[in-house]
Every structure is written in C-alpha cells, then in structure tokens.
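The values are calculated or read from the model by the stated rules, or taken from the named source; none is laboratory data. Remember, it's a predicted structure, so these values are computed and weren't measured experimentally. Here the Cβ is made from the backbone with ideal geometry for all residues, glycine too, and neighbour counts use every protein chain on show. Protein only, heavy atoms only, side chains kept; ligands, DNA and RNA dropped before computing areas. Shrake-Rupley method; radii C 1.70, N 1.55, O 1.52, S 1.80 Å.
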Amino acid sequence: MSTLLLTRSDVSRNLQALTLLTDMREAFRADALARTVAPQRTRVPLHAEGSAMVLFPGSLPGVPAYSVKVSARFPSITPPLQETLQLHDVATGALLAVMDSAHLTAVRTGVVGALGTDVLARPDASRVALLGAGTRAVLQLKSLRLVRTLSQAFVYDADFERAAVLATRMYQELSLPVRPAGSVEEAVEGADIVIMSGVGGQAALPAELVRPGVHLTALGPDEQEKVELSPELIARTTFVCDSRGLAEASIHAELGEIIAGMRQGRTSPEQSTLFCTVGLPFQDLAAAWHVYQAAQGDEEVRRMDFNA
C-alpha cells in the first residue's frame, strides 16, 4: 500500500476550518460517549536545549485509524517547535500517512477554542478580548468568526507594540474593528468573550475582573505561550475542560459531556464560564483524518510504499 507524505503546504491545502469544526464537534461527542483508550502525553528532556513529547494514541469510535504525534521543542532555534504526525490503520497498523502537524495543531487548537466558545458563550456574545498577541491569538480570532458574529476586539500584550501590530493585521484581514489595549483591565472591560493565549508567567486574568455572563477560553499550559489559571478564577466560573484526567479536580464537566447531553453547560445569561483546552490525541486524530480524507484526491501529494 502507499503512504501519503504531506508537507505543511499539503496539510494547509486540504484543511478546511469550517468542516473541521463540524468534525471536531462530533469527535468530542463520540469521545465522551465511548472513550476507547486513555490519552497519553509524555514529555521528556532530550538535553539542555530541547525536549520531545509524544501524544498517543489518537482514537475515536467510527474512525478506522489511530494517530501518534511527536512534538519536539528547541527554544533556541527558529521555528522552535517541530511536529510530525503518523496516521495508522487501526485494524492492521499499516502506515496511512505521515504529515507535518505544526499547522494542523495550530488550526485544531483554534477550532477547539471556537467550539468551546460556541457551546458555552451567550448566543449574543460579540465583543472579544485577546490576552496575548502571539500566533495562537490570530487563529483563535479567525476561528471565533465561524461561530459568532463579532463586532469588536481588543488585544492586550505585555509588549504593546506587538499588540498594535496584531490589531492592525486583524483589522486588515477580517475587516473587524480591533484595538490594542494598554492593560488587561482595559481589554476585558466590555468583552463578552475573553481568550487567554499567554500574557507571561502570571495568572492570565485576575478573578475580580470576571464580569457576570462572560465566557473565558484558556489555551493549554503545554504551549510556549503559557497560560496559568488561578484557583480564584476557577472558583468564580463554571469550569469546563477537554479531559478530566489532565485538568483541575474542580471541573464542572468535559466539553464532550456537554455536547453529548450528559451534563449541562451554561444555564443562565449571568453565568460566567471557563473552557480550558490542553489538546488531546483524539483531537489530533480528528484533524488528521479530516486532512487524510481530503488528500486522497490531491494529485500534488506525494506517496511512498514503505514495504517496497
């Protein structure tokens, strides 16, 4: 059999965020109803300048494949993160595809963040605060437009110039009023949705700034742009995550449990909600399977018979 070899451009060409959003919603539901294997995330130091992490096995009921992702981090080089994903036939172990997964993971994270917002935020939520002006903030804002009609956005970063650059870029690309903010307080003052994608080593948002009815999304602590959640912030909100096994003990529900109707999410307009995603192997599988299926008809994708 032939194995697909997908470069970053191949992955990007065969990845449609809106379709992936539908696929990811079904993946969360299926995982909550019938989780097949416990997720494994193992990071080990390679040497003083680098580390590697393996996420496996990505497995979902109804998907005839499993995934294994290797993420290597070398902060002193550019780009600092190298990721590769292998997709295997679940019945035989045959290697179906090898793909660059840096872009895949970035888009998947944006889509999962948007899904959490869609499930938990108020239907009329339209004003966004971005805490952290890194690369993940860009995809979060773009992905949010798949689930909400946005009216305005504010960006805060410890580096004000970086926030201003992001605001200008997002205005040009999305035709959305985006303004840099000089403080966290200014950014979140009128926001209905707050995206915490990294603002340094401190807690991303002081609990006293959380207004009734706001929805918060925190991107997982395993990324470079680290987000830390204070116990006070968690206690002040209805806390939802993507896996009980990799999150705080005080969670209200997994996102998949709410999507599957097993637990309630938001129950009132005044309720403040918090979704924290750490990124799980089944999410990698959902994204990789989406790309693999689309790439079957892509004549530009290279193929190789590893058994030849």
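Pick from ALA125, ALA65: which is modelled with pLDDT of 95 or more, open to solvent by less than 10 Å² (accessible area, probe 1.4 Å), closer than 27 Å to ALA164 by Cβ and not acidic (Asp, Glu)?
Just one listed residue meets the conditions, ALA125.
Return the only residue of ARG73, ARG35 being among the charged types (D, E, K, R), more than 19 Å from SER243 (Cβ to Cβ), surrounded by 15 or more Cβ atoms within 10 Å (Cβ to Cβ) and touching a Gly at 6+ places or on another chain (Cβ under 9 Å).
When all the criteria are applied, what remains is ARG73.
Residues that are out of contact with any Leu (no Cβ under 7 Å at 6 or more places or on another chain), touching a residue at least 40 places away in the same chain (Cβ under 8 Å) and among the polar types (S, T, N, Q), at least 3 per element: which strands (runs of 3 or more DSSP E) completely within segment 78-147 meet that?
Strands (runs of 3 or more DSSP E) meeting the threshold: none at all.
So LEU144 ticks every box in (1) surrounded by 17 or more Cβ atoms within 10 Å (Cβ to Cβ); (2) modelled with pLDDT under 95 but one. Which box is left unticked?
Just one mismatch for LEU144, condition (2).
Considering only segment 48-60, I want to know if a residue exists there that is open to solvent by 40 Å² or more (accessible area, probe 1.4 Å), touching a Pro at 6+ places or on another chain (Cβ under 9 Å) and modelled with pLDDT under 95.
yes
So which of ALA218, ALA158 is within 15 Å of SER272 (Cα to Cα) and at pLDDT below 95?
Just one listed residue meets the conditions, ALA218.
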